[in-house]
Amino acid sequence: MQTGANQSNISKTAQIYYEMAKNIITNKDYSRLPEAFSYLDKARQIEPSNPNIYFIYALAYRLKKDDNTAKQYLDKTTSLDKNYYDAYNELGVIYYDEKEYSKAKELFDKLINTLTYSNVDVAYYNRAILYIKLNESPKAINDLQSAIMYSDYKNPLYWHKLIEVYFYEKDYQKALLVIQDMESHLGPSDYINYTKALCYYHLGLFDQAKDSLSKIANTDNYYTIEKDLLLKKMQH
């Protein structure tokens, strides 16, 4: 019993060090990076075979802009746990940053085809970004729609990027439909009112555009400034 209790306390200590490091890394607290590495070193000394520790090491090196070392830690993570899917995703993002698009796509494809990956929306989104880079808008649109669905329609980033793609394609009718769908799931916002107004403006529906702009509160923020600029455009 004493041996079991001691082992439990050791594991708890490693977990505390890991959580302290993770908190610094996920909050991107650059000033405390040396502290995070110190916590990780202590956690690794206690649990040298814990893949979670190596994954956070990788994220820490990403913050240091040292992707080569980050890749080594991601490889270590997946060698300890071949089903550590977030590590494959992070490696795919690194390959994307390095313009190794085929390698990035291969990893995102792997994750999308893995039925047990709980963050599949992230893989769809990342592959969509890759397709946008490759000027393959139809594929990007399909992946963004999937990302939205698998996130239970709750992640505004996915909606924003899909709307952005339709704007790039100058398909303002479809952009407007997406904005309205977004509003039905997430509720009204200055972003929604402004992008709706932009769609109406490009479609020549100035009255509807002005009506959408009137719903933006007159506070000193980005959308208030953009609202005034768009109203001036419609006056000319």
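So here's what we get for this one:
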quantity: Subset of segment 135-188 that is within 24 Å of Ala209 (Cβ to Cβ) and assigned to a loop (DSSP other than H, G, I, E, B) - its residue that is most open to solvent (accessible area, probe 1.4 Å); calculated: Lys170
quantity: Test: Ile132 is open to solvent by 30 Å² or more (accessible area, probe 1.4 Å) and under 29 Å from Leu74 (Cβ atoms); calculated: yes
quantity: Condition broken by Asp171, with the remaining ones in (1) out of contact with any helix residue (DSSP H, G or I) (no Cβ under 8 Å at 6 or more places or on another chain); (2) on the phi < 0 side of the Ramachandran plot; (3) outside the structural domain of Tyr96 (by the TED database) satisfied; calculated: (3)
quantity: Pairs where the first residue, in segment 37-53, is not assigned by the TED database to the domain that holds Ala87 and the second is among the charged types (D, E, K, R) and part of a helix (DSSP H, G or I), C-beta under 7 Å, 6+ apart; calculated: Ile53/Arg44
quantity: Tally, over segment 106-132, of residues that are closer than 14 Å to Tyr88 by Cα, of a type in the set (Gly, Ala, Ser) and within 14 Å of the chain's Cα centre (by Cα); calculated: 1
quantity: Scan of segment 109-129 for residues that are of a type in the set (A, V, I, L, M) and open to solvent by less than 30 Å² (accessible area, probe 1.4 Å), ordered by number; calculated: Leu111, Ile112, Val120, Ala123, Ala128
quantity: Gln208 vs. criteria open to solvent by 70 Å² or more (accessible area, probe 1.4 Å), modelled with pLDDT of 95 or more, part of a helix (DSSP H, G or I) and over 18 Å from Pro156 (Cβ atoms); calculated: yes
quantity: Those residues of segment 189-205 which are crowded, with 16+ Cβ neighbours inside 10 Å and over 18 Å from Glu164 (Cα atoms), in sequence order; calculated: Leu205
quantity: Members of segment 85-102 that are open to solvent by 30 Å² or more (accessible area, probe 1.4 Å) and either touching a Phe, Trp or Tyr at 6+ places or on another chain (Cβ under 8 Å) or under 18 Å from Thr114 (Cα atoms) (or both); calculated: Tyr85, Asp86, Tyr88, Glu90, Val93, Tyr95, Tyr101
quantity: Complete set of residues in segment 211-229 that are touching a residue at least 24 places away in the same chain (Cβ under 8 Å), among the aliphatic types (A, V, I, L, M) and buried (at least 17 other Cβ atoms within 10 Å of the Cβ); calculated: Ile216
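The values are calculated or read from the model by the stated rules, or taken from the named source; none is laboratory data. Since the model is a prediction, treat every value here as computed from it, not as a measurement. Note: ideal-geometry Cβ built from the backbone for every residue, glycine included; neighbour counts use all protein chains shown. These accessible areas exclude ligands, DNA and RNA; they are computed on the full protein's heavy atoms, side chains included. Shrake-Rupley method; radii C 1.70, N 1.55, O 1.52, S 1.80 Å.
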